[in-house]
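Notes for the one structure printed next.
The values are calculated or read from the model by the stated rules, or taken from the named source; none is laboratory data. Just so you know, these numbers come straight off a predicted model, no measurement behind them. In this analysis, Cβ positions are derived from the backbone assuming ideal geometry, glycine residues included, and neighbour counts consider all displayed protein chains. Note: accessible area is taken over every heavy atom of the protein model, side chains too, but ligands, DNA and RNA are not part of it. Shrake-Rupley method; radii C 1.70, N 1.55, O 1.52, S 1.80 Å.
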Amino acid sequence: MACSDMEKSSLDDDCCGGDEYTNCALAMEKERDSYLSPTENPSTISVSSSIPPDQQGYDVEFDPPLESKYECPICLMGLRSAVQTPCGHRFCNSCIRKSIRDTGQKCPVDNEVLLEEQLFPDNFAKREILSLTIRCPNVGCSDKMELRQLERHLSQCKFATAPCPQCLEAVRKSHLDEHKSQQCLQRLMTCPACAGSFVFATKQIHEQICPFANTVCEYCEMELIRDQLALHCDTDCLKAPVACTFSTFGCREKMPRNELAQHMQEFTQMHMRYMAEFLRSQTLNGCLMPSVAAHSSSDERGASSRAADSCQCKQELINLRETVLELEGRLVRQDQQIRELCIHNETQKNQVTELRRKLSSLEEATRELEAQQYQGIYVWRLENFSLHLRNQEAGQPIVLHSPPFYTGRPGYKLCLRLHLQTPSAPRCSNYISLFVHTMQGEFDSQLSWPFQGTIQLAVLDQVEGQHHVEVMETKPDLQAFQRPTVQRNPKGFGYVTFLHLQALRQRGFVKEDVLLVRCEVTPRFDASLRREGVQPRGPEPSL
């Protein structure tokens, strides 16, 4: 640029004259103002007014992409308030000034000596950059405009967002009122029962503690106000559990309130025995009940007239004692039987535990034998596949592992891992990912490591036979093919984007809610790695 060259020569010539340099700077400032139209003047540019001046370059998407000459070498973004150095390099005004202050007085590109006073504005580059076409940064908006028109567009863009003043969530401006009144978790609500206010996010908590909220009795399912529930269960509810009236004397039965009368009628004799045992214990301990003590005091005042009643009571007491002794004997025998049954039950539990352990061991051995029969070709049936698809659409990560299989006998032990990527997964949303993992096997010590060979993965078309097939060669330097040190190698090898779910629905890959995945493995043994063992005998020399 002529202007920049002139300025550069002026600075070189006037490096020793401070007054002349000041005059030159003032002249350039006037020249810069004369070059700018009213809409391009920095004080009126709408983009600059909305962005702090100390911010780095323009972080927007240019269409077509930004040329390197308009890119700041420091922040690698579009030049903002472009300035030029005497050595001819362009920078953002704030970037180069911060670089001079932080890293020293030198140009970041060629390390030439550079002072802040030597920087001068590059108005030509500024006009060019503001005239470049950019895309709207709002998600969903496809509009394009010049950079100088960005702020005006953002103020009118229907896809523009603003933070909700209540929950601070970014919401489209056109939907902000609806969000604040219907969707915001921090919006205020009024309880229809108690007329109190609460935040919507605490609605369930308030409903559980509101004293005037309607609730249902858990026993009789009657609707009540929460404050009345406790009194209802204690006195009125016919299905609420209550203790037996003779609980004081030892009856531990509980039943619904409407069955209490029937219980009292059916277990009268048992209640009498409880009472007798209670009276016996009170008599033996010398602690008579208050009613018995009152009765004894009245007998002292009329002992002569009640002698016959006293004899009758003694006989009844003797009968009660005999009954109690008989019941105690029964209790002792029943306790012995219960202890024997407990010992027998414990023995049976130990036997069942041992049988389950043996069964689990046999099942594991059976699965291992089955895995050894596949000879490197395994077809994995994924049943109830529609359930996995529904969970995937709901955003739940789906990770499935196949049963293990061997490439031969002896051979490598492998398994498959299938992912259903969620719709929000970056770069692989709604794809089936398929991987192969090595596992610890019975023949690992007899095999050469790392595993080498060819692996063919396929999702089978069960209608037309047009299978989706991918073939890959192993890479011995990867951790996925080294000898596993745990049951299943955590590193797998395969395809992140094996098959798109849309293609899965368009063809007959899923039939009767079953997906078939086929894996064919062909090991390749390195001839240089020979194991010790019996070698074929060579030709014998003639005698």
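Before moving on, here are some points about what is shown:
- Gained length - Glu316 relative to Arg390, 0.36 nm times residue gap less alpha-carbon distance: 19.0 nm
- Length added when fully stretched, Thr268-Glu178, from 0.36 nm per residue minus Cα-Cα: 25.5 nm
- Spin-label zone in region 390-429 - amide nitrogen under 15 Å from a point set 7 Å from the Cα of Glu383 along the C-beta vector: 403
- With all protein chains modelled, accessible area of Glu354 [1.4 Å, Å²]: 70 Å²
- Of the residues Met275, Met472, ranked by 1.4 Å probe accessible area with the largest first, the sequence reads Met275, Met472.
- Taking a straight Cα-Cα cut-off under 26 Å and skipping sequence neighbours fewer than 8 places away in the same chain, the lysines within cross-link reach of Lys98 are Lys8, Lys30, Lys69, Lys106, Lys126.
- Note on Trp449: accessible area is roughly 50 Å² with a 1.4 Å probe, heavy atoms of protein only.
- Proximity of backbone amide H atoms, modeled 1.01 Å from N, is registered between Ser81 and no other residue at under 5 Å, excluding neighbours fewer than 5 places apart on the same chain.
- Solvent-accessible surface ranking, highest first, for Arg172, Arg127 at 1.4 angstrom: Arg172, Arg127
- Once the chain from Thr347 to Arg135 is taken as fully extended at 0.36 nm per residue, the excess over their C-alpha distance is 68.6 nm.
- Rounded if a/c under 1.5, otherwise prolate or oblate - region 395-470, Cα gyration tensor axes: prolate
- Amide H contacts under 5 Å for Met255: Val242, restricted to partners 5 or more places along the chain or on a different chain, H placed in the peptide plane at 1.01 Å from N.
- Taking all protein chains into account, the per residue accessible area for region 433-519 stands at 49 Å² (1.4 Å probe).
- Per atom type, region 369-525 shows carbon and sulfur on 47% of its accessible surface, probed at 1.4 Å.
- Estimated inter-spin distance, Leu355 and Leu325, nm [label 7 Å along Cα→Cβ]: 4.7 nm
- Prolate/oblate/rounded label for region 316-416 (Cα gyration tensor, a/c 1.5): oblate
- A Cβ-based charge dipole, computed about the Cα centre of region 102-237 with Lys and Arg at +1 and Asp and Glu at -1, lands at about 740 debye.
- The portion of the accessible surface of region 106-170 made up by carbon and sulfur, rounded to a whole percent, is 49 (1.4 Å probe; DNA, RNA and ligands excluded).
- Put Ile225, Ile343, Ile432 in order of accessible area, highest first, and with a 1.4 Å probe you get Ile343, Ile225, Ile432.
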